Amino acid sequence: MRLEIEKLRGWVNPADAFLPMHSKDTNTFWLDRSTNQDEPVSVIGSAGSIIEAGDEAFALASEHLTAINASIESFPEIEIPFSFRPGLVGYLGYELGNAEKSGLHPKAQFMIVDRAMVFDHKHKTMYFIGLFETREEFDNWHRAALLRLTLVGGESGSFMQKTKAPTLVSTKLRHSKEKYLELIQKAKEHIKTGDVFQLCLTNQIHIEHEADALRTFITLCESNPAPYGGYLKLGEVEIVSSSPEQFLKVSASGKASSKPIKGTRPRSQDGLEDAKIAKELANNEKERAENLMIVDLMRNDLGRVCQIDSVTVEKIFEIESYATVHQLVSTVTGELKPGESATSALAACFPGGSMTGAPKIKAVEILQSLEGGPRKIYSGAFGYLGFDGSADFGMTIRTLVFEGTSATLGVGGGITIDSDPESEFEETMLKSKALLEALGG
C-alpha cells in the first residue's frame, strides 16, 4: 500500500462535509479539535470494519497497527502538516483491564480507518489522506468525494432545519442528591483513614429523549466548543463528546503528553466577575493541591514507559476557559523508552488519573464499591492510533452515550479531605449543563 495525500483549495465547514459523506454510514467518526490550542484540526471518516475487544484491547490494537505499517511500501515526499494518520479510531471503556463488567458495550471498540478528510482550522485548508494500492485508486476516491461535496455540500443548515428539535423527556440520577452526598462523606472517610489521598467520585444521569445524536453534536460544536470534542457512531451506539481534557497524546517520534484537569468554576456573563472567578480558581489552595496530586500520578504513570529524567511538568495550574466553565489544567510530558509505543503508553496510563484519584489502584477499588455500577464508556478515552506510532486521545468526559431514545451522561468530581459535599454536587450539575441544554433541557 501507499500513503497518499492531496491538499484542496478552498474551505468547507466540517459539518457541511460530514453530512453528505458520512452521516448515513454505520461506523463513522468526527474528531473535532477545532479549538485545540496545540493543533486545531478536525478529522472525519468512516470504516467498513470494526474491532470489538475486551481486556486484550491494547495488544490487539498493537497487532493491527503493526500489520498496517508493514504493508506500506511508499510515503509522500511532501511534509504532512498535521499529526493524524490512518489506523484505528475508537474508544477505551473505563473498566478496560479490571474485573468489573462494562455492561452492554464491548470494553473497547475501534474502527479500522484507511482514509479520512482533515480540516486545518488555523490555515483554513483541507486534505484527503489515505492508504491505497495505487495513486490512481486514491485519485478516484478523492475526486468522487470532492464531486459529492460540490453537488450536495453546505447542507448543515438544512439538516438542522429538517431534523426535529430535541426534547428532553426525563432525567434520573443513578444516585439522588441525598445519596451522592452520603457517598462523598464515605469517600472522605477513606481519605481520613489514609486509604487514598483523593477520589474522583462519579454519578450517572439516565436520560429519555427525543433527539438526534448528530444534531446534538453539531449544536454542541457551536454552543460549547471543546478541544477534544467528538462524534463516534459504532453500529447502534453513538457517542457525543464535548471533552475539554487531553488524556494522552503521543507523537510519531515518541513524545508523550497528558493534560490533566482538576478544578472547575462556572463562567459569568459579567467580564469583571468572570475574571475574578478565574483568578480565584488559579489561586485556590484546595484545587491546586488536588491538581498536583494528579500531576504526580501522571508523572508516575508516564515514568513506567518513558526515559529516565525525561518526564517533565511543562505547565502547572494554568486556566483554560470554555463556554460555561473555567478549568485548572497542567501539562506533563516525557520521551518514550526504546521498545515502548503509543499502545504501551496508553496501557500504562489507563484509566486517566484525573478520573480515578490517587493512588490509582486503591482509588479504583474503592470507587467500584461506592459507585453502584460500571461507568462503561464514560471516563475512559477516545481518539485515534496512527500506523506511524502516533496517538491522540481525549478523556471521555462531558459525553453523552446514545442508544435509541435513551442516553447516559456521566458526571463527577475530585473529592479531598477539604471537600464541601454541597459544592461538589453542584459542580457535577454544572458539568452537565451544556450537554443537557443541547438535548433541549
Once the mean of 1/r over all distinct C-alpha pairs in the range 178-296 is inverted, the Kirkwood radius in Å reads 18.1
Once amide hydrogens are built 1.01 Å from N within the peptide plane, the residues lying 5 or more places from TYR228 or on another chain with amide H under 5 Å from its amide H are SER243, GLU245
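Return one quarter of the surface area of the convex hull spanned by the alpha-carbon atoms of the chain, equal to its mean projected area, in nm².
Average of the hull's projected areas for the chain equals 20.5 nm².
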If N is the residue count of the range 39-128, its Cα Rg over 2.2 N^0.38 Å rounds to 1.29
Once the in-chain neighbours fewer than 8 apart are removed, the lysines whose Cα is under 22 Å from LYS164 read LYS24, LYS233, LYS433
Unit-weight point scatterers at every alpha-carbon of the range 270-335, Debye formula, q = 0.19, 0.20, 0.28 1/Å: log10 I(q)/I(0) is -0.74, -0.79, -1.15
Computed over the chain: longest principal axis from alpha-carbon atoms vs helix 271-283 long axis, angle to nearest 10 degrees, is 70
For the range 284-441, Rg(Cα) over 2.2 N^0.38 Å is 1.12
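Quick check for me: using +1 on Lys/Arg Cβ and -1 on Asp/Glu Cβ, what's the dipole size of the chain about its Cα centre, in debye to the nearest 20?
Once rounded to the nearest 20, the dipole reads 380 debye.
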Convex hull around the C-alpha positions of the range 178-225: the volume in Å³ per residue is 125
What helix-only [θ] at 222 nm does the chain give? Using -39500 (n - 2.57) per DSSP H run of at least 4, over all residues, to the nearest 500, the answer is -10500 deg cm²/dmol
Taking the convex hull of the alpha-carbon atoms of the range 243-365 and averaging its shadow over every direction gives an area in square nanometres of 8.2
Taking Cα atoms only, helix 177-192 is inclined relative to the longest principal axis of the chain by an angle, in degrees rounded to 10, of 80
Given 25 °C, 0.890 mPa s and a Kirkwood radius over Cα pairs, the Stokes-Einstein diffusion coefficient of the range 349-441 in µm²/s is 162
Amide H neighbours of ASN203 at under 5 Å, excluding residues fewer than 5 places away on the same chain, with H built from the backbone geometry, are VAL411, GLY412
Using alpha carbon centers only, the range 180-247 is separated from the range 320-396 by a whole-angstrom value of 13
Taking every other residue with Cβ under 12 Å from the Cβ of LYS259 and scoring Lys and Arg +1, Asp and Glu -1, one gets -3
Long-range share for the range 97-220, i.e. C-alpha pairs more than 23 Å apart as a percent of all pairs, stands at 66
By the mean-Cβ-within-10 Å protection proxy, highest first, 400-412, 232-244, 135-147 rank as 232-244, 400-412, 135-147
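Every read-out reported here was derived from the displayed coordinates using simple, explicitly stated rules and does not represent laboratory data. Since the model is a prediction, treat every value here as computed from it, not as a measurement. Note: ideal-geometry Cβ built from the backbone for every residue, glycine included; neighbour counts use all protein chains shown.
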